[in-house]
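Chemist: Just passing along the structure, written as structure tokens.
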Number of protein chains: 2
Amino acid sequence: MAATESLTAERILEATEEVLRRYGPAKATVVDVARVLGVSHGSVYRHFRTKAALREAVTERWLRRTIDALRPYVTATEPADERLTGWLTALFALKREKAGGDPELMATFQVLIGENSAVVDRHEEHLVEQIAEILADGRRAGLFATPEPELPATARAVFHATDRFHNPAHAADWSQPGVDAAFTAVVDLVLRALRRA
Amino acid sequence: MAATESLTAERILEATEEVLRRYGPAKATVVDVARVLGVSHGSVYRHFRTKAALREAVTERWLRRTIDALRPYVTATEPADERLTGWLTALFALKREKAGGDPELMATFQVLIGENSAVVDRHEEHLVEQIAEILADGRRAGLFATPEPELPATARAVFHATDRFHNPAHAADWSQPGVDAAFTAVVDLVLRALRRA
């Protein structure tokens, strides 16, 4: 298949995700990844020095997709309260889609996430930073009341208060009746807390 | 041991919890419960017609302890915002204590909770009603702004927004550093949302 010359980290990660999807996290090996790419496993190791490093990188890539998908809500020009609602709604929709649409891949990544807690911590930091950026915009526009020094802690509180609607530990509840109304009620509560009186 | 005459439902439930603690939810039987009480298993069945009914009742009793422990925060005379903070703090402390202090019994009841979702739903309703009572008091005292018809939905939103600090799905996070600050930040956010401007 492809020659080693054109072997990029991105292509390896794509193939790794494919292999994980096919064989599951317990059975997937670097040799499987190399076979999918038509290269030697040595070529894969030149990009990722260990199997653990490869699994960490593929986890990071999977999580980064969420960050990238949410970025537009951070950079858009709509009022900050609308963008925060949009951001939270999009995060819930993405997680739900992952959990409902491809439960096997989701289960696979739950295993990888358990192995790579530092990657997950960084991912959560990114998400909280995105919320903080929206809150800072809202503050500058006179929409939100949170004082500047409290922005990071408040952003984290917003992330935690909506945990039920993005933490995969709750995935089983996401198909229950009433979950959308429950989500809207929590978002309303959060916005009420943030808005300038 | 005890005579059948003095055999009450409460004594059977006490013994059942003891047996569950000793043998685990997979192995505990009605015969074990009868043996602990020194009665025939027929005597136990006179109070609880099936093993499932017994397990449901013991789950209900276990959950009721939380309701009873939180009741003082509903009936006390302190300002409603203080009582809500107290209620949420006590709930978190109780759940944490159960998870950390007796993880085996907690695991046992997680199994029973999975078997008795209707009991758990009723329990959650009770908890949400307690929050709603505190919110209604706060409204009457001019402390909280939530309009009367929105009290039940808002109480549920408060319960959901603090999910991270009472839902056993998050028990592993409760011993992490920073969890108390995170809890306080979410409670502050919730109170800001509720308070009259």
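The values are calculated or read from the model by the stated rules, or taken from the named source; none is laboratory data. Because the structure is a prediction, the values reported are computed rather than measured. Positions of Cβ are generated from backbone atoms using ideal geometry, with glycine treated the same way; all protein chains shown enter the neighbour counts. Calculation scope for accessible area: heavy atoms of the full protein, side chains included, ligands and nucleic acids excluded. Shrake-Rupley method; radii C 1.70, N 1.55, O 1.52, S 1.80 Å.
Chemist: Looking at B:Val119, B:Val186, can you tell me which residue is out of contact with any strand residue (DSSP E or B) (no Cβ under 6 Å at 6 or more places or on another chain), at pLDDT 90 or above and within 11 Å of chain A (Cβ to nearest Cβ)?
Modeler: Result of the check over B:Val119, B:Val186: B:Val186.
Chemist: Right, another one. Restricting attention to helices (runs of 4 or more DSSP H) lying wholly within the range B:12-76, give those where 1 or more residues are free of Cβ contacts under 8 Å to residues at least 24 places away in the same chain and within 28 Å of B:Leu88 (Cβ to Cβ).
Modeler: B:51-75
Chemist: I would also like to ask the following. Check A:Glu125, A:Glu82 and return the single one that is over 14 Å from the mean Cα position of the chain (by Cα) and either β-branched (Val, Ile, Thr) or open to solvent by 70 Å² or more (accessible area, probe 1.4 Å) (or both).
Modeler: Answer to the selection: A:Glu82.
Chemist: Of the residues B:Arg139, B:Arg164, B:Arg156, which single one is within 12 Å of another protein chain (Cβ to nearest Cβ), surrounded by 19 or more Cβ atoms within 10 Å (Cβ to Cβ), over 14 Å from B:Thr89 (Cα atoms) and among the basic types (Lys, Arg)?
Modeler: Exactly one residue qualifies, and that residue is B:Arg156.
Chemist: Still on this model: Please go through the range A:54-76 and pick out each residue that is aromatic (Phe, Trp, Tyr) and open to solvent by 20 Å² or more (accessible area, probe 1.4 Å).
Modeler: A:Tyr73
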